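See below for the structure under consideration.
The values are calculated or read from the model by the stated rules, or taken from the named source; none is laboratory data. Because the structure is predicted, anything quoted here is derived from the model rather than measured. Here the Cβ positions follow ideal geometry from the backbone for every residue, glycine too, while neighbour counts run over all protein chains shown.
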Amino acid sequence: MKKIIITIDGYSSCGKSTLAKQLAKKLNYTYIDSGAMYRAITLYFIQNRIDWMSHEAVTTALEDVHLDFVPNSLTGLSEMYLNNENVEHLIREMIVAEKVSEVAAVKEVRDLAVAQQKKMGARKGIVMDGRDIGTVVFPHAELKIFMTADITIRVERRFKELYEKNKNITLEEVKQNLELRDYIDANREISPLRKAEDAIILDNSHLNLDDQLQLVMQWVEDAI
Ligand code: C5P
């Protein structure tokens, strides 16, 4: 069967990665979490005290940043490696979430990430989620989805995820982080979060996962 590129963009915690993983499994495609790359670069900058407001410091630092996606042998899902170290869990910490949107707004950072993302799509058969995948990374993708959901539902979802790992986290903290990231992502100068003109809107505030997958699989069939 013909392989296509599927892009999923949208606000934070809309369930983009859940849908992307389901689709990749069902279609036997590769799932790429583009946000993990921005998170890994942010982690590197924090660990190495890089001032990301300085173009010079960023350019020099990025020469030492090597990002890879390596499939987990048990789950088959790609995990993020930063300079040969698995950082899949570290990059989900709040300390990274608090800074990632600032780092992701830096031109040199985006240039590096986008170039690598474009290469990953060369053979198609890929589902990639993020903020600018349908607009900038794969403007010719066969199927583009733009996800949204009510803010209260998104906050609850992300809270449940983070609370598993950190019982001190509060709903208010999670809400503030989501709203701030969405604001920075949608208002930055380079590649702001936008719905591509030819993207289909998927509001999953009140859809269960099975119904959502069924609906999107219909869109996939139409696109193939
Ligand atoms: O998808 P996730 O929430 O993990 O992404 C973390 C952050 O990375 C986003 O808030 C955004 O600032 C940035 N990002 C981006 N472009 C992408 C994917 C993520 O700017 N394609």
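Condition check ((1) in contact with a Cys (Cβ under 9 Å, 6 or more places away or on another chain); (2) at pLDDT below 95; (3) of a type in the set (Gly, Ala, Ser); (4) surrounded by fewer than 16 Cβ atoms within 10 Å (Cβ to Cβ)) across all residues:
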residue: Arg110; (1), (2), (3), (4): no, no, no, no
residue: Val114; (1), (2), (3), (4): no, no, no, no
residue: Arg123; (1), (2), (3), (4): no, yes, no, yes
residue: Ile126; (1), (2), (3), (4): no, no, no, no
residue: Gly130; (1), (2), (3), (4): no, no, yes, no
residue: Thr135; (1), (2), (3), (4): no, no, no, no
residue: Phe138; (1), (2), (3), (4): no, no, no, no
Within region 128-176, which residues are of a type outside the set (A, V, I, L, M, F, W, C) and within 20 Å of Lys118 (Cβ to Cβ)? Asp129, Gly130, Arg131, Asp132, Gly134, Thr135, Pro139, His140, Glu142, Lys144
From the residues in region 1-22 that are part of a loop (DSSP other than H, G, I, E, B) and touching a Leu at 6+ places or on another chain (Cβ under 9 Å), which one is farthest from Thr75 (Cα to Cα)? Tyr11
Check Asp203 against each of (1) touching a residue at least 24 places away in the same chain (Cβ under 8 Å); (2) of a type outside the set (Val, Ile, Thr); (3) within 16 Å of the ligand (Cβ to nearest atom) and name the one condition it does not meet. (3)
Among the residues of region 95-126, how many are within 12 Å of the ligand (Cβ to nearest atom) and assigned to a loop (DSSP other than H, G, I, E, B)? 4
Is at least one residue of region 23-44 within 14 Å of the ligand (Cβ to nearest atom), touching a strand residue (DSSP E or B) at 6+ places or on another chain (Cβ under 7 Å), more than 24 Å from Phe138 (Cβ to Cβ) and not in a helix (DSSP H, G or I)? no
The correct count of residues that are surrounded by fewer than 11 Cβ atoms within 10 Å (Cβ to Cβ) and closer than 21 Å to Lys107 by Cβ in region 60-81 is 2
If we ask which residues in region 153-180 are acidic (Asp, Glu) and either more than 21 Å from Leu207 (Cα to Cα) or crowded, with 17+ Cβ neighbours inside 10 Å (or both), their number turns out to be 4
With criteria (1) within 16 Å of the ligand (Cβ to nearest atom); (2) of a type in the set (Asp, Glu); (3) more than 16 Å from the chain's Cα centre (by Cα), Asp129 comes up short on (3)
Residues located in region 186-224, provided they are charged (D, E, K, R) and either part of a helix (DSSP H, G or I) or under 17 Å from the mean Cα position of the chain (by Cα) (or both): Arg188, Arg194, Lys195, Asp210, Asp211, Glu221, Asp222
